Amino acid sequence: SSDVCSSDLAGIFFAGYLTFQVPGNVILERIGARRWFFIIMATWGALSSSTAFVQGPLSFYVLRFLLGVAEAGFFPGVLYFLSLWFPKEYRVRFAASFTSAIAFSGIVGGPLSGLILVNADGLAGLHGWQWLFLFEGAPAVLLAFAVLRFLPDDPGQSSWLSAAENTAIASRLKAEDFEGERNLLRALRDPRVLALALAGFAHGAALYGTTLWLPQIVQAMGFSTVATGYVVTGPYLASAVVMIAWGRSSDRRDERIWHLALPWLLCAVGLAVAGLTENYGVELAGLTLAMAGILSAICPLLTMPSSFLRGTAAAGATGFVNTIVSLGAVVGPPMIGMLKEQTGGYSASMAMIAAGLVLSALIVLRLGPAMAPRPAAIKTT
């Protein structure tokens, strides 16, 4: 069916995405953010636009896989990059500001996609879906050159910071020095990293299951294609506000564990409400809670490895945790599609994802005390 097919395409994308998470972050640490982000954005944009001209299922599957490979290092790479600029008491709020772009893209992309699909169909002999891919990929290619021109690898290479500002940033980062593992292989065997990755599996299933299926769930309520694009902006708008406020709360209180567990529990409650009700208004409210919760959990989860690991180990561990998040993304959307085929609705899949998030919350709450970094050893002469 078309539902299962769309889920399989999502799974193929994430199969490529998860394969290159750790290598992507290691490359970033080796060659610098400016060149690596340029390569990612230019390649991703070109592949995305070229999807408009696929010929048959095989070429579509191959492009989806390559698209996942191209994008793999971007998100965890940016979170690691931010740790080079901001001390930990500011890190989650700025990571949340960056991640809120996911919500804002839903606010802009939902209505815009609907308008393109309806109004661009037949323009210059192309279908609406072809124009959708062309418009989606072009900005990434253009912005890649802006990154290459303006983005410094670290504060020391910036042309727009004064010497005093550079010194202040270096001093703030130096002041929070701690004993952290720098060896990548040992970091990937760290029980804390493995536990975060395990908890992240359910996060990935919920995150991508919710975001990828939200338009279809809303359309099943009886909305047209264009109206669906506008309706889905509600959950994304609420999520953007909650994400930024939650990130500031985490930094202000210098607390990460509960700021990760509570959004997962909020998402679980929202999914349970949406799955149990037959009232469309209540269902949409539940989905809004679920979206706000799962998006707000991203930054506390993926900034946590840099709180007890250093250098290449922190970069690689962040990529590894996001790899398992992506593995959840491979499983989640197809699972929703298959359960919908078998049951005729979304209730069973929402209940399963909610249960997984409750388990993830229990894992990080149990792990909490072990996540605190050890102070750096004082060297004596």
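The values are calculated or read from the model by the stated rules, or taken from the named source; none is laboratory data. Everything numeric here is computed off the predicted structure, so don't read it as measured data. Ideal geometry is used to build each Cβ from the backbone, glycine not excepted, and the neighbour counts take in all protein chains shown. SASA here: full protein model, heavy atoms, side chains in, ligands and nucleic acids out. Shrake-Rupley method; radii C 1.70, N 1.55, O 1.52, S 1.80 Å.
Would you mind computing, in nm to one decimal, how far apart the modelled labels at Ser158 and Asn119 are, each placed 7 Å from Cα along Cα→Cβ?
According to this spin-label approximation, the distance is 3.9 nm.
For the chain, what is the calculated [θ] at 222 nm in deg cm²/dmol (nearest 500), taking -39500 (n - 2.57) for each run of four or more DSSP H residues and dividing by its residue count?
-26500 deg cm²/dmol
Counting only protein heavy atoms and using a 1.4 Å probe, what share of the accessible area of the chain belongs to carbon plus sulfur, as a whole percent?
Of the solvent-accessible surface of the chain, carbon and sulfur hold 68 percent.
Over the chain, what is the relative contact order in percent, taking alpha-carbon pairs closer than 8 angstrom and at least six residues apart?
Here the relative contact order equals 29 percent.
Could you state the number of Å between the C-alpha centres of the stretch 25-76 and the stretch 128-186?
Between the Cα centre of the stretch 128-186 and that of the stretch 25-76, the gap is 18 Å.
Is the shape of the stretch 127-205 rounded, prolate or oblate, going by the alpha carbon gyration tensor and its root eigenvalues a ≥ b ≥ c, with a/c under 1.5 for rounded and a/b larger than b/c for prolate?
oblate
Could you give the length gained on full extension between Thr167 and Tyr90, defined as 0.36 nm per residue of separation minus the Cα-Cα distance, in nm?
Numbers: separation 77, 0.36 × 77 = 27.72 nm, distance 1.74 nm.
Length difference between fully extended and current span is 26.0 nm.
Whole-Å semi-axes of the stretch 1-154's equivalent ellipsoid, largest first, each the root of 5 times a Cα gyration tensor eigenvalue?
One finds semi-axes of 30, 18, 16 Å for the stretch 1-154.
List every residue whose amide H lies under 5 Å from the amide H of Glu181, counting only residues 5 or more places away in sequence or on a different chain, with H placed 1.01 Å from N in the peptide plane.
When sequence neighbours closer than 5 places are left aside, the close amide H contacts are Arg310.
Going highest first, how would you order 182-190, 119-127 by mean Cβ packing within 10 Å?
The densest-packed peptide leads the list: 182-190, 119-127.
Which residue fluctuates the most in the chain, going by a Gaussian network model with Cα springs under 10 Å, if the choices are Leu295, Leu327, Leu148?
Leu148
To test your reading of the geometry: what angle, between 0 and 90 degrees and rounded to tens, separates the Cα axis of helix 33-50 from the longest principal axis of the chain?
It works out to around 10 degrees.
Can you tell me the length gained on complete extension of the stretch Ala351 to Ala146, counting 0.36 nm per residue apart and subtracting the Cα distance?
Result: 69.4 nm gained on full extension.
Can you compute the modelled spin-label distance between Ile31 and His127, with each label point 7 Å from Cα toward Cβ, in nm?
In this crude spin-label approximation the distance works out to 3.5 nm.
Taking θ = phi - 60°, what integer Hz values does the Karplus form 6.51 cos²θ - 1.76 cosθ + 1.60 yield along the stretch 94-106, in sequence order, with x for Gly and Pro?
6, 4, 5, 4, 5, 5, 4, 4, 4, 5, 5, 5, x
Report Tyr236's accessible area, 1.4 Å probe, all protein chains in place, as a number in Å² to the nearest 10.
30 Å²
Roughly how tilted is helix 21-31, in degrees to the nearest 10 and between 0 and 90, from the longest Cα axis of the chain?
That works out to roughly 50 degrees.
With the calculation restricted to Cα positions, what are the radius of gyration and Dmax of the chain in angstrom?
20.9, 76
How would the stretch 222-285 be classified by its alpha-carbon gyration tensor: rounded, prolate or oblate, with rounded meaning a/c under 1.5 and the a/b versus b/c comparison settling the rest?
It is oblate, given that a/c is not under 1.5 and a/b is not larger than b/c.
Accessible area per residue, 1.4 Å probe, Å², for the chain: what's the number? Provide the component values of the computation, followed by the final result.
Details: 17240 Å² over 381 residues.
That works out to 45 Å² for each residue.
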